[in-house]
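Only one structure is covered here, and it is reproduced in the block below.
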Amino acid sequence: MSNNQTLSNYYIAHRDELLAYASSRLGERDLAEDIIQDVFLKLLTCGKMISEFTLPALVYTTTNHLIISYFRRRAHHEQYEHIIRHSSMMETTSTESVFSVQEITERLEHGLARLPENCREVYRLHIYGGMKVSEISTHLGEDYKSVEHRLGAARKAIRQYLHQYA
């Protein structure tokens, strides 16, 4: 049986169960329906072999990850709105508190200069090239996990470096 058929059968049989699961965590049925649709869309386009035995765990894991991503985005959005509201309440904004794109780029490049070359290259491809880990892995002809590890290390180092300017 093909992946599409396996996913289709599972979706038909377990859609309501998954909706109840996602709705209980999100509190909104419409949002839960969007998440469940995204789960199956993601699984349909993943291109990896899916078996009937691993599918339930894969579906619930993917659902959990998308729910967590939703809450992370919402928290960042609320934090950003708070900052915007707070800054709009201030009557004057000092010019020293506003960074230019050039200053941010310069600081980012100084932080990148501190990284090993292989981490630097992966980070640049991700940030400036907009490439995903899988694309970087293919582009460099290297193992996916190795690229993922180097990108994580580079992000952590850059975050620590830029934290001193926050």
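The values are calculated or read from the model by the stated rules, or taken from the named source; none is laboratory data. Computed from a predicted model, the values in this text were never measured in an experiment. Here the Cβ positions follow ideal geometry from the backbone for every residue, glycine too, while neighbour counts run over all protein chains shown. Areas reflect the complete protein model, heavy atoms only, side chains present, ligands, DNA and RNA absent. Shrake-Rupley method; radii C 1.70, N 1.55, O 1.52, S 1.80 Å.
Starting from residues that are of a type in the set (Lys, Arg) and closer than 23 Å to His163 by Cβ, keep the ones in the range 103-151 and report whichever is most open to solvent (accessible area, probe 1.4 Å).
Arg114
Across the range 5-50, what is the total count of residues that are in contact with a Ser or Thr (Cβ under 8 Å, 6 or more places away or on another chain), open to solvent by 90 Å² or more (accessible area, probe 1.4 Å) and within 16 Å of Asn64 (Cβ to Cβ)?
Count: 1.
Mind checking which residues of the range 51-83 are open to solvent by less than 90 Å² (accessible area, probe 1.4 Å) and of a type in the set (S, T, N, Q)?
Passing the criteria: Ser51, Thr54, Thr61, Thr62, Thr63, Asn64, Ser69.
Within the range 108-166, can you find the residues that are basic (Lys, Arg) and part of a helix (DSSP H, G or I)?
Those that are basic (Lys, Arg) and part of a helix (DSSP H, G or I): Arg120, Arg124, Lys145, Arg150, Arg155, Lys156, Arg159.
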